Every structure is written in C-alpha cells, then in structure tokens.
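Student: Got a structure here, written out as structure tokens. Questions coming.
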Amino acid sequence: MPLIGDAVLILIKYGAHIFPWTSSRVMPDDVISVMHVIDTGGPGGAETVFLQMAAGLDPTRFRSVAVVGDNGWLPEQLEKRSLVPHILAAKGSFKAGYLLALRRLARQCKIDVIVAHLYGSAIYASLLGRLMGVPVVSVLHGQSDVAHSDRLALLRSGIVRVGSPKVVFVSEHLKDHLAPRLRLAESQCAVIPNGVDVQVYHPCRDRSLRSELALANDVILVGAIGNIRAPKAYDVLLRAARILSDRSQRFHFVIAGDCSNDLGLELVELSRSLGIEQRLSFLGLRADVARILNNLDAFVLSSHTEGFSIACLEAMACGIPVIATRSGGPEEILEGGAGILVPTDDPEAIAQAVEEVTSSKALADALTAKALKRVQQQYSLGRMFSQYEALIERLIRTPRHGLPDLRNGR
C-alpha cells in the first residue's frame, strides 16, 4: 500500500507535465467555466447546495457544467433549471475510467475551476485538478463524509490536501473537526455557511396538511425534514413522540424524506413497537417542503451529528420554532436564541422542549423573530453565492492556485 500511495503522490506532483492542460487561462473579463461535481444523485443537503450553486452563480461571470453520480432527483432538478446533467457513475473503489471521463469532459468544456461536493468527489477532483493544472474547491458537508478508520485514509486525505488549494466547510464546527484530521493548512480552509432561498421559504401559515392526513384542525403538528439516515437519529425523535403521546392526545408527528431504505423500514417497525403508528406519518420525499413546514407548530432536528442542517434554516425562514440537538452545525445556526438546543440522544429533553414551545405563544414568537432575523442577516442564498463567487475569482487568479508544497507534506 505505501508503494501505491507514493506512486499516486508522484503522479499528482508531476501529472501536469504528463497530461498538459491545453486551454488558455481566463482573463479578468472572461466568463469562468466551473465544473460542479458530486458523486450522488440526491436528494439531500449536499445535493441541494450543489443544485443551488450550479444554477445560481452569476451567469454574466460564470458558466456551470454539472456532473452528478446517478440518475434521480438531482438530475431532474437540474433539467428543470435548464442545466444539462452529465451523469458519471463514481461509486465503489477507485475508478480510473471515471477520472478519465471527468478529464475528457473538463477538456471538452474548457473548464477553468472545479467545485467538488462531498469527500468522494473531492478526492477525484483533487487528483484531476493536480493532473491538469486546474484549481479545485472541495466542499465538505458533514463529519460522516470522512471515514474515521480506513487503510487508504492517509492516501485519500493526502490527495485532497495537495490537490485542493481551497477546502470549504459549511460550519466552523465542521472545520474544527475535520481540518486537523485532513492535516490542512489554515490558509487552505474556508467556512461558507449554506443559504436558504427566502423567496421559497417564508412565513405562510397553512392548515392543509391536517386535512390531507385527516387530522383535527387543533392537532399540534410536530415535524422533521430529511432523508432517513443513521446520523439523523430519527429513533430518538420517535421515542420523544412516545413520551409526548403519553402526556397529550393532541400531538401528531410527521417525517418528510425518503424512507424507502432498510433504516426506514426499521423506523416503521419501531413506531409500531412504541405504539405510536397512529400518531406518526411518514410523508416520503416531498416537493412541497415549504408548505409542509408552514403547517408545523414545531420543527425538530434529532441528529447525532450535523455538519450544518439546511432543514433547520428552512424551518427558521418559514417562521417555525426550531428544536435541535447540539450535534455540530445547529449550535452555530441557532446562536443568540434563534431556537432551542438540547443534548443528543435525549428523547426526554426533546419532549420537554416541544411542550414548552407549543404551549407558550410568547416563547414561540420570540424564537421565530430571532430566527427570521438571523436567516436574513447570515444565511441568505445571495450571501452564500457572493462568498463562493469571490473565492473562485480569487483562486483562479492566484499564481499556481495556491497549491501546497508536497515536499512539506502539506
């Protein structure tokens, strides 16, 4: 394995001479061609940011090429925004064919910079960027993206370290957690929080979901948004639902997100064993998330770990009181009393917070007022775009793109 690692590091050091880059560099007034790369097909938080970036960068200054890893939600959403999705499968062990396909596309589209989302894509993009002399921005969205123990972990982190002159983290907490593990220089790191589209997500109270689910109009609706994945700890939410159901018959709980996997089936079975199947609705993947949120009396994020949480932002933007675990990103998002923070793995704490916020209009109003102000000031989509655009423009005009020196192992 050391021999393979040495070979790869030699390749990324001298690759630009082996595979010379033939396109001319952009001049200050030129449109910058950006290849956005992700190795999934969505839906999910990282995929949402990928979509926002590919569709939302200033078209007078940037031209986007979108590369996704699978068919499904994400390419469909790209097409709705008049973007052609290039679908290249990248899952599994290292695929030289995928790297070569990326290279062909980059040359064909005369790419000036690559923006890669999630760690797997960052590895390929970093290698490609080093080989071709193209600067790379790697965007990391969560702790679970980077494996804790893996026989190739040092090689993978080394490729990102030497091939990505900028690594973006979506929260300070995530940067503090991952940057030391990847041995990144401070100058190589940037923090750009995700943004929310306030034209889509805004207060617009609605009762239609109660009718859809044949619920009484005075039911207290508590919900969560996000696909069924282990870090989301939905089992903790279900146990909190059991506690609240014992205290009042007025609560009903909804989870919106893809629940078709094995973990989703386990949660359905857990709801039955807890005796709350009549008080819990799995809504599946929904296109009307803003409407779902505006039907809620409280939003709950029960995660073990969160790099950021776009769903929290969306709930805040809709004026819905937010209860979230101290799982990383939420501590930053809800700073200054914009929501209620509770410990991880504590159903009783979630239940108590839900009771407090749904029984006190004054508390709910205070939380949502602070949340709305915080979204507008810190987490608008426009603010996110401007930060990425400035970073890309600085990077592409930096001599040697700020690539770290391999001789220093940095």
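Student: Can you work out ³J(HN,Hα) from phi for every residue in region 177-192, in order, using Karplus 6.51 cos²θ - 1.76 cosθ + 1.60 and θ = phi - 60°, giving whole Hz and x for Gly and Pro?
Tutor: Ordered by residue, 3J(HN,Hα) equals 7, 9, 4, x, 5, 8, 6, 8, 5, 4, 5, 7, 9, 9, 10, 10 Hz.
Student: Suppose only helical runs count, i.e. DSSP H with n ≥ 4. What mean residue ellipticity at 222 nm does that imply for the chain under -39500 (n - 2.57) per run, divided by all residues and rounded to the nearest 500 deg cm²/dmol?
Tutor: Details: 16 runs with 185 residues, N = 410.
So the calculated ellipticity at 222 nm is -14000 deg cm²/dmol.
Student: For a protection proxy built on the mean count of beta-carbon atoms within 10 angstrom, sort 367-373, 294-300 highest first, please.
Tutor: Going by the mean number of other Cβ atoms within 10 Å, highest first, we get 294-300, 367-373.
Student: Quote the charge dipole size of the chain about the Cα centre in Debye, to the nearest 20; the model charges only the Cβ of Lys and Arg (+1) and of Asp and Glu (-1).
Tutor: Numbers: 44 positive and 42 negative charges, 294 e Å.
Using only the charged Cβ atoms, the result is roughly 1420 debye.
Student: Moving to a separate point now. Report the extension gain between residue 206 and residue 80 in nm, rounded to one decimal, defined as 0.36 nm multiplied by the number of residues separating them, less their alpha carbon distance. Don't skip to the answer; put the middle values down first.
Tutor: Details: separation 126, 0.36 × 126 = 45.36 nm, distance 2.63 nm.
Full-extension gain reported as 42.7 nm.
Student: Also, quick follow-up: I'd like to compare 385-395, 307-317, 326-336: which one has the highest average count of other Cβ atoms within 10 Å, and what's the full order after that? Numbers along the way, then the final one.
Tutor: Numbers: 385-395: 16.8, 307-317: 27.5, 326-336: 21.0.
Most protected by this proxy first, the peptides run 307-317, 326-336, 385-395.
Student: With an 8 Å cut-off on Cα pairs and a minimum separation of 6 or more residues, tell me the relative contact order of region 208-379 in percent. Each step should come with its number before you reach the end.
Tutor: Working: 304 pairs, mean separation 38.9, N = 172.
The normalised contact order for region 208-379 reaches 23 percent.
Student: Past 25 Å, Cα to Cα: identify those pairs from 91/232; 80/232; 175/232, in the order given. Before the final figure, lay out the partial values.
Tutor: Values: 91/232 22 Å; 80/232 29 Å; 175/232 20 Å.
Exceeds cut-off: 80/232.
Student: So how strong a dipole does region 208-379 carry about its Cα centre when Lys and Arg Cβ are +1 and Asp and Glu Cβ are -1, to the nearest 20 debye? Don't skip to the answer; put the middle values down first.
Tutor: Details: 16 positive and 22 negative charges, 77 e Å.
Using only the charged Cβ atoms, the result is roughly 380 debye.
Student: Take the alpha carbon atoms of the chain, find their radius of gyration, then divide it by 2.2 N^0.38 Å using N residues; give the quotient.
Tutor: Details: Rg = 22.3 Å, N = 410, 2.2 N^0.38 = 21.6 Å.
Taking N as the residue count of the chain, the ratio is 1.03.
Student: Would you work out which of 377, 49, 203 lies farthest towards the positive end of the dipole of the chain, given +1 charges on the beta-carbon of Lys and Arg and -1 on that of Asp and Glu, about the Cα centre?
Tutor: Of the options given, the answer is 49.
Student: Now a separate question. Hey, what's the per residue convex hull volume over the C-alpha atoms of region 224-312, in cubic angstrom?
Tutor: Values: hull volume 8.1 nm³, N = 89.
Roughly 91 Å³ of hull volume per residue.
Student: What nm value, rounded to one decimal, do you get for the distance between residue 186 and residue 287 when each label is placed 7 Å out toward the C-beta?
Tutor: The answer from the label model is 4.8 nm.
Student: Take the Cβ-Cβ distance between residue 272 and residue 250 as r, set R0 to 30 Å, and report the resulting FRET efficiency rounded to the nearest 0.05. Let's see the in-between values first.
Tutor: Details: r = 21 Å, r/R0 = 0.71.
Calculated transfer efficiency: 0.90.
Student: Can you give me the angle between helix 262-274 and the longest principal axis of the chain, using Cα atoms only, in degrees from 0 to 90, rounded to the nearest 10?
Tutor: 20
Student: Further, regarding this structure: When only Cα pairs under 8 Å and 6 or more residues apart are kept, what is the percent relative contact order across the chain?
Tutor: On the way: 749 pairs, mean separation 60.6, N = 410.
The value is 15 percent.
Student: Quick check: convex hull over the Cα atoms of region 70-156, volume per residue in Å³, rounded to an integer? Numbers along the way, then the final one.
Tutor: Values: hull volume 10.2 nm³, N = 87.
Here the figure is 117 Å³ per residue.
The numbers here are math on the coordinates, done by the rules we state, and not lab data. Computed from a prediction, not measured in an experiment: that's the story for all the values here. For neighbour counting, all protein chains shown are included, and Cβ atoms are generated from backbone atoms with ideal geometry for every residue, glycine included.
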